[in-house]
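Some notes on the structure that comes next.
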Amino acid sequence: GNSVTQMEGPVTLSEEAFLTINCTYTATGYPSLFWYVQYPGEGLQLLLKATKADDKGSNKGFEATYRKETTSFHLEKGSVQVSDSAVYFCALSNTGTASKLTFGTGTRLQVTL
Amino acid sequence: NAGVTQTPKFRVLKTGQSMTLLCAQDMNHEYMYWYRQDPGMGLRLIHYSVGEGTTAKGEVPDGYNVSRLKKQNFLLGLESAAPSQTSVYFCASSYPTDRGVAYNEQFFGPGTRLTVL
C-alpha cells in the first residue's frame, strides 16, 4: 500500500535560516505528491504540489522536487520567517483512488527571532 | 465562497453519548472526506464519499458512520462515543481527476475538536 515517511520534529530554526524537511514515499504507479501546511488553530491548506517525476512545486518561497529515483519529495526554503511556524504534512495521492490522500505524520516547524 | 465549513468547532461528550458532525462545502465538489488527526499519527481517513448517496470506508472506520444525502453535505456520526475517539476531526472536499486536471487537491475545513470523557 501507500505510505509517507517524514522526518520527526519539532524543527527549531532561527529566522532567515535554511529549511529542509525530508519526505519519502512508497506507492505503486505514479502518485501525485503534495505538501500541506497547518497553521495554529486552522485546517490544512495546500502549500505546493507535483504530479510527475522531476516536477518542482513551489509557493511562498518553498520548493520541493519530485524525485522518483529516490522516492522523495523534500521541502526546502532558503530563508524562513517567524510566520512560517506551522506543521507541515507530506502527502500522496494515487489516481483511481477517489483522490484519497495518504499523509505523513507531520513535522512541526518553530521559527524564532 | 465559504469553502468547507464544519459544525461544531468544539464538543465534549461523555462515554456512550452520540453526536453528529456536519460538514458543508459550496464548491460543488463530488468528493468529500472525514479525517481524524491525532498527535504523532498525522491524518487518517475515516470515511469518504465520491458522490451524493455513496459512502465508503477509509483507514479507520470503526465506531463511525457517515451519510451523504446532499452533494454539499457530509455527516459523521458517533453512535456510542468512546475516549479513544477524542481527536480533532477534519472534513475535506475534492474533485475527480477526469475533469482535465492531473492533481487532486483537497480543501479542508477548520476542524472540530472532540473530547470524550
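Please treat every number below as a calculation from the coordinates, not as lab data. Values in this document were obtained by computation on a predicted structure and should not be read as measured data. Glycine also receives a Cβ, built like all others from the backbone with ideal geometry; neighbour counts cover every protein chain displayed.
Its alpha carbons considered, segment B:14-75 gives a radius of gyration followed by a Dmax of 12.3, 36 Å.
Treating the beta-carbon of each Lys and Arg as +1 and of each Asp and Glu as -1, no other charges, what is the dipole magnitude of chain B about its Cα centre, to the nearest 20 debye?
Value, rounded to 20: 320 debye.
If you wrap the tightest convex hull around every Cα atom of segment A:24-80 and split its volume per residue, you get 92 Å³.
Here the Gaussian network model covers chain B, with springs between Cα atoms less than 10 Å apart; of B:G53, B:G40, B:G16, B:G40 fluctuates the most.
Of all lysines in the structure, those lying under 21 Å Cα to Cα from A:K49, and not within fewer than 8 positions of it along the same chain, are A:K60, A:K68, A:K77, A:K100. Exposure proxy shown here: for A:L92, B:L21, the number of other Cβ atoms within 10 Å sets the order, fewest to most, as B:L21, A:L92.
Between A:F18, A:F34, A:F62, the Gaussian network model of chain A with springs among Cα atoms under 10 angstrom shows the greatest mean-square fluctuation at A:F18.
On a per residue basis, the convex hull of the C-alpha atoms belonging to segment B:1-106 measures out at 107 Å³. Ranking of B:Y35, B:Y48 by neighbouring Cβ atoms within 10 Å, starting from the fewest: B:Y48, B:Y35. The order of A:L13, A:L48, B:L76, going from fewest to most other C-beta atoms within 10 Å of their C-beta, is A:L13, A:L48, B:L76. The alpha carbons of the protein assembly as shown stretch over 48, 41, 35 Å along the principal axes, in descending order.
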